[in-house]
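The values are calculated or read from the model by the stated rules, or taken from the named source; none is laboratory data. All figures in this text were calculated on a predicted structure; none of them were measured in a lab. Backbone-built Cβ (ideal geometry, glycine too); neighbour counts: all protein chains shown. When the accessible area is computed, the model is the full protein with side chains, heavy atoms only, and any ligands, DNA or RNA have been set aside. Shrake-Rupley method; radii C 1.70, N 1.55, O 1.52, S 1.80 Å.
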Amino acid sequence: HVPEVDPHYVFRKEQVLQLLYAAATNSRAWLYGDYGTGKTTLIQQVAAVLKQPVMRINLDENLDTDELIGKTELTVNAEGVQITQFREGTLPTYMVKPYWIIGDEYDASNSNVGYALQAVIENKGVLRIMADGGREVRKVVNLASIITQTTFTEPSTHPHDANRLRNSCWPSPRNAGR
């Protein structure tokens with residue numbers, strides 16, 4: 001959906017330009033800062049002014065890959081026969097629409113979710129869904145992938161390392177909000 005414009009929101013030129021650059025070049029953006037500094041609000045307000053639909057995915061520890069990517073389920077078809085069918089999750093559903101996808105609070109996500117997002121970001125917007133026969137979902141043009149996180153961590157060798165994700169994104173304004 002397109003967010004509602006907040007007439008009292010004060011934009012910071014540098015952060016807006018960086019975000020617009022990421023959107024215009026169909027690239028990825030990474031914003032970090034303390035809780036309540038306006039990372040998500042910045043994205044939503046820029047989108048509101050541009051009348052750009054956004055999908056915010058809360059990457060907290062309760063989100064799992066079944067909800068994010070999808071899962072195979074047993075269902076009953078019209079003839080009453082039980083079949084297995086893949087139910088698509090939030091990420092592939094919105095990757096094929098001209099939405100800005102906000103992966104909010106990446107550092108709070110569990111490792112499986114982080115790994116799934118990392119694969120999309122490092123693979124230039126291609127998601128391979130093995131549970132659906134290896135189907136590839138490619139992001140549409142005009143889809144900006146925007147990650148927010150609260151902590152700025154030092155590099156590690158862990159595959160769910162926030163710096164590894166950050167290094168494959170641009171720009172990275174420190175305090176994105178008002």
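Taking segment 58-76 as the range and being of a type in the set (Val, Ile, Thr) and over 17 Å from residue 130 (Cα atoms) as the test, the residues that pass are 75, 76. Of the residues making up segment 95-110, those that are open to solvent by less than 60 Å² (accessible area, probe 1.4 Å), outside any strand (DSSP E or B) and of a type outside the set (Phe, Trp, Tyr) number 6. Taking the criterion of being farther than 20 Å from residue 26 by Cβ and open to solvent by 40 Å² or more (accessible area, probe 1.4 Å), the residues of segment 118-140 that qualify are 130, 131, 132, 133, 135.
So is residue 38 over 22 Å from residue 95 (Cβ atoms) and in contact with a helix residue (DSSP H, G or I) (Cβ under 6 Å, 6 or more places away or on another chain) or not? When the stated conditions are applied, residue 38 does not pass them.
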